[in-house]
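Reviewing the structure listed below.
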């Protein structure tokens, strides 16, 4: 994990009903936002995720994972329906819903992706790097991941 020297040592989050608790260790203090249509359909808004060097999920028996594409699954609490995480399968990487944790002012938005799918009815005030779907897929390919074309991902 990069940025360990600036990592938040730990964070505890939970779903709305408390049936699932997530403990993160060495949390990256960056929130990445995804505006893709799947994320917006999943949560009714863009996905805002945080990552950590390691994690533990208590109440795993209350978590359901939905395979949303060839390369991703999304987890939610089967009791209250709270969204919990996005998992990028090729790298087995989890990005947890930032709203599950009380970070206060210790994290900031650092990147927005799939900005070409963002609807016109909202904008964020933060000035962050922005990537289109094509740029995200090209970056993944450059890192050695093989993903289907944008049109095939739904």
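Here are a few things to note about the model shown:
- Shown here are the Rg and Dmax of the Cα trace of the stretch 4-152, at 15.1, 40 Å.
- In the chain, helices alone account for a calculated mean residue ellipticity at 222 nm of -3000 deg cm²/dmol, with every DSSP H run of four or more residues adding -39,500 (n - 2.57).
- Two-site FRET efficiency, residue 111 against residue 58, from Cβ-Cβ distance with R₀ of 25 Å, rounded to 0.05: 0.30
- A straight chain from residue 120 to residue 69 at 0.36 nm per residue would run longer than the Cα-Cα distance by 15.8 nm.
- Span from the the stretch 24-59 Cα centroid across to the the stretch 119-149 one, whole angstrom: 15
- Of the beta bridges in the chain, as assigned by DSSP with both residues counted there, near 80 percent are antiparallel.
- Added length on full extension, which subtracts the Cα-Cα distance from 0.36 nm per residue, residue 89 to residue 127: 10.7 nm
- Cα gyration tensor shape of the stretch 33-75, rounded if a/c is under 1.5, else prolate or oblate by comparing a/b with b/c: prolate
- Counting beta carbons within 10 Å around each of 56, 127 and listing the fewest first gives the order 127, 56.
- Neighbour-count order for 92, 116, fewest beta carbons within 10 angstrom listed first: 92, 116
- Pairs of Cα atoms nearer than 8 Å and 6+ residues apart set the relative contact order; for the stretch 4-152 it is 22 percent.
- Cβ-to-Cβ counts within 10 Å put 37, 108 in ascending order as 108, 37, the fewest first.
Read-outs: derived from the displayed coordinates by stated rules, not from any lab. Nothing here was measured: the structure is a model prediction, and the numbers come from that model. Counting neighbours? That spans all protein chains shown, and the Cβs are built from the backbone with ideal geometry, glycine included.
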